[in-house]
Amino acid sequence: MSVGQTIKHKTQAFKGRVTHRIGRTTRNRRLRREGRTDQVSGNLKQAGDKAKDAFRP
């Protein structure tokens with residue numbers, strides 16, 4: 001995948017980690033849930049990119 005996509009997915013995962021941490025600190029369930037969702041989504045996209053690169057000729 002392109003470098004731009006890789007950076008975008010890593011940024012999404014990092015943003016999720018930060019949002020989850022803020023939600024945990026402030027005891028805000030919505031922020032924790034959003035953060036965890038962003039984190040998992042970014043990690044899955046990174047895994048998908050790795051799989052695509054593995055099968056690229």
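The values are calculated or read from the model by the stated rules, or taken from the named source; none is laboratory data. The shown structure was predicted, so the numbers you read here are calculated from the model rather than taken from an experiment. Cβ placement follows ideal geometry from the backbone for every residue including glycine, while neighbour counts extend to all protein chains displayed. These accessible areas exclude ligands, DNA and RNA; they are computed on the full protein's heavy atoms, side chains included. Shrake-Rupley method; radii C 1.70, N 1.55, O 1.52, S 1.80 Å.
Data overview
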{"item": "The chain, residues that are at pLDDT below 95, hydroxyl-bearing (Ser, Thr, Tyr) and surrounded by 12 or more Cβ atoms within 10 Å (Cβ to Cβ)", "result": "Thr6"}
{"item": "Which listed residue, of Phe14, Phe55, is under 11 Å from the mean Cα position of the chain (by Cα) and among the aromatic types (Phe, Trp, Tyr)", "result": "Phe14"}
{"item": "Search result, residues across the stretch 17-52 that are among the polar types (S, T, N, Q) and within 14 Å of the chain's Cα centre (by Cα)", "result": "Thr19, Thr37, Gln39, Ser41, Asn43, Gln46"}
{"item": "Any pair with Cβ under 9 angstrom, 6 or more apart, that starts in the stretch 28-52 at a residue that is under 16 Å from Lys8 (Cβ atoms) and ends at one that is open to solvent by less than 60 Å² (accessible area, probe 1.4 Å) and of a type in the set (A, V, I, L, M, F, W, C)", "result": "Asp38/Ala13; Gln39/Ala13; Val40/Ala13; Ser41/Ala13; Gly42/Ala13; Asn43/Ala13; Lys45/Ala13; Gln46/Ala13"}
